[in-house]
């Protein structure tokens, strides 16, 4: 159990900016008043898997990233936290 706690701590400090995309992904979904199930349907995945992407538990495949960018009309740079818009 301690192992997983330390992995989470390391992930938090090492990933830092790398985890911006999970925050932006959730914010975009909420700003568009969509549920996780609705976005999962757009991506062709389950709500459970989408939830794991949104929490940063699983890394999202590039094809899903591109689909979300098209859906929300944002750039991949924005989604990844490289730009502000």
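The values are calculated or read from the model by the stated rules, or taken from the named source; none is laboratory data. Source: prediction; values computed, not measured. In this analysis, Cβ positions are derived from the backbone assuming ideal geometry, glycine residues included, and neighbour counts consider all displayed protein chains.
List every residue pair whose Cβ atoms sit under 9 Å apart, with the two residues 6 or more apart in sequence or on different chains, where the first one lies in region 73-85 and is closer than 16 Å to residue 59 by Cα and the second, anywhere, is loosely packed, with under 12 Cβ neighbours inside 10 Å and modelled with pLDDT under 90. From region 73-85, the pairs are 81/17.
Got at least one residue in region 31-46 being at pLDDT below 55, part of a helix (DSSP H, G or I) and over 17 Å from residue 62 (Cβ atoms)? Walk me through it before giving the result.
The initial filter retains those residues of region 31-46 that are at pLDDT below 55, namely none.
No - not one qualifying residue is present in region 31-46.
Among the residues making up region 47-72, those that are farther than 23 Å from residue 83 by Cβ and in a helix (DSSP H, G or I) are 47, 48, 49, 50, 51, 52, 55. Restricted to region 59-74, and to residues there that are in contact with a helix residue (DSSP H, G or I) (Cβ under 8 Å, 6 or more places away or on another chain) and farther than 14 Å from residue 20 by Cα, the residue that is surrounded by the most Cβ atoms within 10 Å (Cβ to Cβ) is 68.
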